[in-house]
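Here is the structure we will look at.
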Amino acid sequence: MLGDTQRLIERCIRREEKAWGEFIERFSGLLYYSAREKLKRSGIAFGQHDIEDIVQGIFLELWEKDRLRDVADRKKINAWLSIVTQNRALNYVRQKKEKLLPENEFYRMDNIKAEQDSSTLLADELDGAMKDFGAKEKIVMKSSIIHGRTHKEIAGFMKIPINTVSTIIARKKPILKRRLKKI
């Protein structure tokens, strides 16, 4: 399957429309999931249309600006797409905040420590504890710990073997436990 994905990316780079259709079908679930989860953590209510705007914007930019050429390790396309999506979602949140609040209020709000729910606090602590983890490892661990996804669900949306998910969790969980005890 890995070689199949790499061939699909090469076909997309050659601008084959059928390949783009396959690419969108294969990866849209991952992009929707990544965008939705990042938006949930923002504290602002976002709807399905916001997620669709983000995902469509990414696919449009990949096509129009030929961004798939920028992927250095095509074997890690899932992690790359997830990171791109999360960054785009974060930028989307920032743009929405700027539109919702006047400039002087926007900067004041960033300095106020609002009440955070436990999942946001946990996510922030996890981010710090996983600073040296790879992108795929971070996604697997967050999906498991914060979002309560099963190994099978994670393997499905990331398109990796379930044994890989289980191995990552088994190896990284003890490291996280040690690091989080220190906090």
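Just so it is clear, none of the values below were taken in a lab; they were calculated from the coordinates. Please read all numbers here as calculations on a predicted model, not as lab measurements.
Counted over segment 115-183 with a bin width of 10 Å, the fraction of Cα pairs per bin, in whole percents, is 20, 53, 24, 2.
Scanning residues 5 or more positions from Arg149 or on other chains, those with amide H under 5 Å from its amide H are Ser144, with H placed 1.01 Å from N in the peptide plane. Converting phi to 3J(HN,Hα) with the Karplus coefficients 6.51, -1.76 and 1.60 and the offset θ = phi - 60°, segment 83-95 yields 5, 4, 5, 5, 5, 5, 5, 4, 4, 4, 4, 4, 5 Hz in sequence order, with x at every glycine or proline.
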